[in-house]
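Notes follow the structure.
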Amino acid sequence: MKVDDKFQILKFFATVFNSVFLILGLCIFGCAVWILFDKDNFIAVLSSVEVKTVAGGLFIIGLVVVGVTILGCMGAQLENRCFLLMYMGFLICIILGQLFVSFIILLNHGKITSNMKIEVNKIITEYGTHPDNQRHWKLLDNVQRYVCMTAIVKYGPHQK
């Protein structure tokens, strides 16, 4: 096998690898846009500062991943060493950032779960009491229609 053939195979796999990361980056970006701009979902009902911060972080991370993968594709196609070195540096930073965020989420898992349960129980107990909470009612109706509520509340905390 000639050296040129090996470079062509390497370029092909680099492009495929970058395409996978491009799709993942676009998915992260899409989730952030959904969280930030859709007003009729559970995350919008929570509307805490932490949720907006996480959504903003996902928005930025999605854009960075898309930019880095485009840089990697350009470096592979143009065979530009500078682009490829910058790509590898950014990729290492992204991986370390992912590990850090995963560790933080793992440490705060109990807090996240308890806050979600408290908010769900609050929405259930206040269902139909305040006319200004119709967005909450619509959300709860959708959850009851598409998801089994007993899996969330385990029969009873809402029966006060």
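The values are calculated or read from the model by the stated rules, or taken from the named source; none is laboratory data. Just so it is clear, the model here is predicted, and its values are computed rather than measured. Cβ sites come from the backbone with ideal geometry, for glycine too, and all protein chains shown count toward neighbours.
Do you know which residues across segment 103-145 are charged (D, E, K, R) and more than 23 Å from the chain's Cα centre (by Cα)? Listed by number, the residues that qualify are Lys122, Glu126, Asp132, Arg135, Lys138, Asp141, Arg145.
Quick one: would you say Lys6 is modelled with pLDDT under 90, farther than 21 Å from Ile94 by Cβ and loosely packed, with under 13 Cβ neighbours inside 10 Å?
On the way: modelled with pLDDT under 90: yes; farther than 21 Å from Ile94 by Cβ: yes; loosely packed, with under 13 Cβ neighbours inside 10 Å: yes.
Criteria met by Lys6.
Checking each residue in segment 115-160 for being surrounded by fewer than 12 Cβ atoms within 10 Å (Cβ to Cβ), aliphatic (A, V, I, L, M) and modelled with pLDDT of 70 or more picks out only Ile118.
Within the set Gly62, Gly97, Gly75, the sole residue that is more than 30 Å from Tyr146 (Cα to Cα) and at pLDDT 85 or above turns out to be Gly75. Given the structure, is Asn108 over 26 Å from Gly30 (Cβ atoms) and either surrounded by 14 or more Cβ atoms within 10 Å (Cβ to Cβ) or at pLDDT 75 or above (or both)? Answer is no for this residue.
Checking the conditions here, which among Met86, Met1 is over 30 Å from Val120 (Cβ atoms) and either in contact (Cβ under 8 Å) with a residue 12 or more places away in the chain or surrounded by 14 or more Cβ atoms within 10 Å (Cβ to Cβ) (or both)?
Numbers: Met1 fails: either in contact (Cβ under 8 Å) with a residue 12 or more places away in the chain or surrounded by 14 or more Cβ atoms within 10 Å (Cβ to Cβ) (or both).
None of the other options fit; the residue is Met86.
Could you check segment 59-102 and list, in sequence order, the residues that are aromatic (Phe, Trp, Tyr) and over 30 Å from Phe37 (Cβ atoms)?
Residues of segment 59-102 that are aromatic (Phe, Trp, Tyr), as a first pass: 59, 83, 87, 90, 100.
Of everything in segment 59-102, those that are aromatic (Phe, Trp, Tyr) and over 30 Å from Phe37 (Cβ atoms) turn out to be Phe83, Tyr87.
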